[in-house]
Number of protein chains: 2
Amino acid sequence: MRIVVLAGGIGGARFLTGVRATGAEVTAIVNVGDDVTLHGLRICPDLDSVMYTLGGGADAGRGWGRAGESWVVKEELAAYGAEPAWFGLGDKDVATHLVRTRMLDAGYPLSAVTEALCARWQPGIRLLPATDDRMETHVVVGDPDRAIHFQEWWIRYRAKLPARRFVFVGAEGAKPAPGVLDALAEADVVLVAPSNPVVSIAPILAVAPLREALVSGPGKVVGVSPIIGGAPVRGMADRCLRAVDVPCTAAGVGGLYGARSAGGILDGWLVDPTDAGTAVDGVRVATCPLLMSDETATVAMVRAALELA
Amino acid sequence: MRIVVLAGGIGGARFLTGVRATGAEVTAIVNVGDDVTLHGLRICPDLDSVMYTLGGGADAGRGWGRAGESWVVKEELAAYGAEPAWFGLGDKDVATHLVRTRMLDAGYPLSAVTEALCARWQPGIRLLPATDDRMETHVVVGDPDRAIHFQEWWIRYRAKLPARRFVFVGAEGAKPAPGVLDALAEADVVLVAPSNPVVSIAPILAVAPLREALVSGPGKVVGVSPIIGGAPVRGMADRCLRAVDVPCTAAGVGGLYGARSAGGILDGWLVDPTDAGTAVDGVRVATCPLLMSDETATVAMVRAALELA
């Protein structure tokens with residue numbers, strides 16, 4: 001079986017450990033909207049979260065970055081007064097970014113760089129950025145309007161600065177990375193991971209030919225709700241949903257994605273038993289406990305999603 | 001009093017602590033031939049050695065790099081198979097290189113970058129690269145000839161690969177960094193630090209207008225021998241001298257520099273008592289213990305050099 005997963009960072013990474021456990025041929029199409037250049041380093045937080053998690057190098061407790069991380073470079077940069085100082089740049093991470101930046105500077109596309117990095121991490125799935133083109137999520141805040149990078153909004157301001165809207169800079173004209181369209185055309189099932197719908201999944205779908213291939217593809221599309229009982233499982237999806245006027249509920253997010261039969265992307269929508277009764281027009285809804293507390297629970301979620309498909 | 005010092009890395013840095021202690025207005029003109037770009041980072045070992053040493057951040061025991069250094073980035077780069085793995089890239093150092101690389105990429109010249117880094121380190125002297133132009137020392141080795149970067153020869157091969165000759169790539173046409181010519185024109189004394197004559201001092205002098213300004217300048221030029229009793233005090237100057245067919249003696253190096261009155265650069269030459277009797281045509285020779293065992297000994301050396309001037 002061939003499974004394609006649309007995924008953001010941490011939630012997507014954990015979900016993917018369950019998908020990998022099915023033994024299927026798995027392709028993850030990962031958000032690049034969080035990507036940012038800081039201190040001259042090209043940083044891809046979602047690709048790295050997936051790569052480190054599936055490669056056994058992630059810090060499970062903190063939920064992002066590397067296990068056993070240290071912060072010498074970050075402290076030294078701050079001692080030079082080098083901005084920004086708010087980004088959590090770990091020493092182990094710096095090496096990843098150095099290799100990536102050097103390869104990008106040499107002309108390799110991000111998909112090739114990701115493949116090269118995965119030669120070390122052996123994630124056991126195929127890891128593709130949504131696009132090799134530079135695409136970044138910016139957030140319009142303040143009065144008068146000003147746009148800041150998503151990372152600044154998310155990390156520096158802890159998503160507390162009221163967001164007017166999200167802009168996927170570069171999405172217009174962005175081409176899907178090599179392999180993305182083929183994977184979607186050959187997928188038996190497409191799963192939408194329980195990632196942030198507004199800033200993880202939406203930027204993937206903002207790559208127009210990718211969305212078209214998803215909608216017109218042969219595989220059933222099943223989404224997994226990132227909202228349980230009216231609250232995000234982790235992260236600050238509530239603040240993102242508020243900015244786009246979508247209720248922070250399983251039904252709200254299901255409606256945001258919409259039915260494939262009605263211009264949306266979903267055939268099925270998996271929600272937590274807490275949200276039993278959730279209805280989304282034109283979408284088949286099923287329930288399953290959605291807390292990814294361990295790999296067993298995650299595998300059960302994935303099985304339920306595949307059954308729904 | 002205005003003192004200009006021509007200096008390489010560690011030996012130059014230690015010597016400069018003694019020069020600074022005189023209370024004079026000190027300008028160090030530092031070798032950039034060792035500079036190298038590795039992993040996308042621009043690394044200036046001699047400028048950093050001087051900056052860290054005078055700023056109180058150097059590892060005195062190891063003799064290079066930062067005190068309390070860690071090596072996480074280096075280990076991680078090796079885990080990715082990123083070459084070269086032989087360079088001692090410390091985590092604290094990485095931050096310095098990131099700031100420098102980012103500023104250079106933004107168009108600032110190396111002299112301005114060095115000034116910016118020194119805003120943190122407060123070395124108490126003016127630190128100038130010999131040139132802002134890219135100039136690197138390469139070493140011709142092997143049969144047939146091939147040229148490798150000085151750092152590869154020095155660190156990877158511990159200078160054991162027989163060197164045919166040293167090439168200062170980019171020296172032709174290199175302009176002295178801003179401030180260098182003025183400093184030489186206004187110097188009361190110019191001191192040549194006991195640095196490696198072949199790969200630290202020679203690349204500085206390879207910047208032709210700099211050498212001309214030194215030779216035609218008003219200040220007496222006094223060199224301090226890096227050779228005591230036929231051996232380099234530290235480092236591998238013997239292997240460098242062999243490559244240019246100069247005896248590894250205080251007289252040999254004095255003769256290599258030569259008398260200012262005869263097309264060389266020296267008015268005076270300070271040697272260790274072990275080498276009493278050393279004669280260099282046209283150069284006044286004096287003796288003083290030249291082991292920089294502590295700052296008191298180093299200050300005594302500097303005083304002796306100034307008296308000779």
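The values are calculated or read from the model by the stated rules, or taken from the named source; none is laboratory data. Predicted model only: the values in this text are computed from it and were never measured. Cβ atoms come from the backbone with ideal geometry, glycine included; neighbour counts cover every protein chain shown.
Go through the residues of region A:19-38 one by one and say whether even a single one is in a strand (DSSP E or B), within 14 Å of chain B (Cβ to nearest Cβ) and in contact with a Leu (Cβ under 6 Å, 6 or more places away or on another chain).
For region A:19-38, residues in a strand (DSSP E or B), within 14 Å of chain B (Cβ to nearest Cβ) and in contact with a Leu (Cβ under 6 Å, 6 or more places away or on another chain): absent.
Name the residues in region B:60-70 that are more than 16 Å from residue B:12 (Cβ to Cβ) and more than 12 Å from chain A (Cβ to nearest Cβ), would you?
Of all residues in region B:60-70, those more than 16 Å from residue B:12 (Cβ to Cβ) come to B:61-62, B:66-70.
Hits for region B:60-70 are B:61, B:62, B:67.
Name the pairs whose Cβ atoms lie under 6 Å apart, with the first residue in region A:105-116 and in contact (Cβ under 8 Å) with a residue 24 or more places away in the chain, the second surrounded by fewer than 16 Cβ atoms within 10 Å (Cβ to Cβ), and 6 or more positions between them or separate chains?
Taking only residues 6 or more apart or on different chains, the pairs are A:111/A:178.
Filter region B:75-91 down to residues that are surrounded by fewer than 21 Cβ atoms within 10 Å (Cβ to Cβ) and of a type in the set (D, E, K, R) and give me whichever is nearest to the other protein chains (Cβ to nearest Cβ).
B:75
List the strands (runs of 3 or more DSSP E) inside region B:67-159, counting only whole elements, that have at least 3 residues being within 30 Å of residue B:25 (Cβ to Cβ). Give the derivation first.
Working: elements: B:126-129, B:136-141, B:146-149.
Here the list reads B:126-129.
Select, from B:115, B:136, B:69, the only residue that is surrounded by fewer than 23 Cβ atoms within 10 Å (Cβ to Cβ) and farther than 23 Å from residue B:175 by Cα.
B:69
Quickly run through region A:1-18 and pick out the residues that are among the β-branched types (Val, Ile, Thr) and in a helix (DSSP H, G or I).
Result: A:10, A:17.
Please work out if residue B:223 is more than 13 Å from residue B:248 (Cα to Cα) and either in contact with a strand residue (DSSP E or B) (Cβ under 6 Å, 6 or more places away or on another chain) or of a type in the set (S, T, N, Q) (or both).
yes
Show the residue pairs meeting these rules: Cβ distance below 6 Å; 6+ apart or different chains; first residue within region A:6-21 and within 20 Å of residue A:188 (Cα to Cα); second residue surrounded by fewer than 24 Cβ atoms within 10 Å (Cβ to Cβ) and charged (D, E, K, R).
From residues that are within 20 Å of residue A:188 (Cα to Cα), the pairs are A:17/A:295.
Tell me yes or no: at least one residue of region A:224-238 is of a type in the set (Val, Ile, Thr) and farther than 23 Å from residue A:158 by Cβ.
yes
Looking only at region B:39-58, filter to residues that are more than 14 Å from every other protein chain (Cβ to nearest Cβ) and not in a helix (DSSP H, G or I); which one of those is surrounded by the fewest Cβ atoms within 10 Å (Cβ to Cβ)?
The residue in question is B:58.
In region A:123-141, is there at least one residue being away from every other protein chain (no Cβ under 14 Å) and more than 29 Å from residue A:15 (Cα to Cα)?
Taking every residue of region A:123-141 in turn, at least one turns out to be away from every other protein chain (no Cβ under 14 Å) and more than 29 Å from residue A:15 (Cα to Cα).
Could you say whether any residue in region B:93-112 is at pLDDT below 95, more than 10 Å from chain A (Cβ to nearest Cβ) and touching a helix residue (DSSP H, G or I) at 6+ places or on another chain (Cβ under 8 Å)? Give the derivation first.
Residues of region B:93-112 at pLDDT below 95: none.
No: zero hits.
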